[in-house]
Amino acid sequence: MATKTSSEIVRDGLWDNNPALVQVLGLCPLLAVTSTVVNAIGLGLATLMVLMGSNLAVSLIRNFVSESVRLPAFVMIIASFVTCAELLMQAYTYELYQILGIFIPLIVTNCAILGRADAFASRNAPGPALLDGAMMGAGFLVVLIILGGMRELIGQGTLFVDMHLLLGPIAADWVITPFANYPDMLFMVLPPGAFVGLGLLIALKNGIDRHLKERQKAAQPAATPGSKRVRVTGNVS
């Protein structure tokens, strides 16, 4: 399998093959915990760490694991990194870990992580595999943050509430309240609001892609009728 260039890997992870907007994988935690920005960042960083670690480990052992135990080995590697992420959150961000609850251990079942391990890391060198994990994780994190910010702003009228759960006392005063006496919109905080928000983000991405394709097509020079060249070989009498 030909290795992609670094720019292609970056573009795939952040835009062209984004796990949340294109592959539409890992939606269970994405829709469940993105009611606030801090929840989204917490889950996104944990997923990013697991993606990078598992991709690197899978790439390092790719030539030593037989085909019959390949997938079980990948799952064990992913589970190990999820356990590390879980223990780190328990040690340093325990209150946020309690809020995220079961969705941290459930990173093991995130199809995006196993998919990257099988489709890319197991077929490429450690460097590209690590970059792929970083970009896929970053793409997932960005979508989480945008969706979390959208739901928190529309649902509660605030931004960056409870950021101290992740960053400590330094972030205690980071709360932004753009609207005074804002009537909470419960719909956006509940799961249906997450589906609507994600649908809008996917529609926006598709619209941007369509617009870019149309611009690219319009920029290409149109073929002039009758301008084809005919090559003639031999003698013409």
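Throughout, read-outs are computed from the coordinates displayed, never taken from laboratory work. Computed from a prediction, not measured in an experiment: that's the story for all the values here. So basically every Cβ, Gly included, is an ideal-geometry build from the backbone, and we count neighbours across all protein chains shown.
List of remarks:
- Residue of Leu212, Leu204, Leu165 that the Gaussian network model of the chain assigns the largest fluctuation, springs spanning Cα pairs under 10 Å: Leu212
- Comparing Tyr94, Thr36, Val69 along the charge dipole axis of the chain, the residue lying farthest to the positive side is Val69, per the Cβ-charge model.
- Pairs of lysines in the chain (C-alpha under 24 Å apart; 8 or more residues apart or interchain): 5
- Listed values for region 192-203 are Karplus-derived 3J(HN,Hα) couplings in whole Hz (6.51 cos²θ - 1.76 cosθ + 1.60, θ = phi - 60°), namely x, x, 5, 4, 5, x, 5, x, 5, 5, 5, 5, and x replaces Gly and Pro.
- Relative contact order (%) - the chain, alpha-carbon pairs under 8 angstrom, separation at least six: 29 percent
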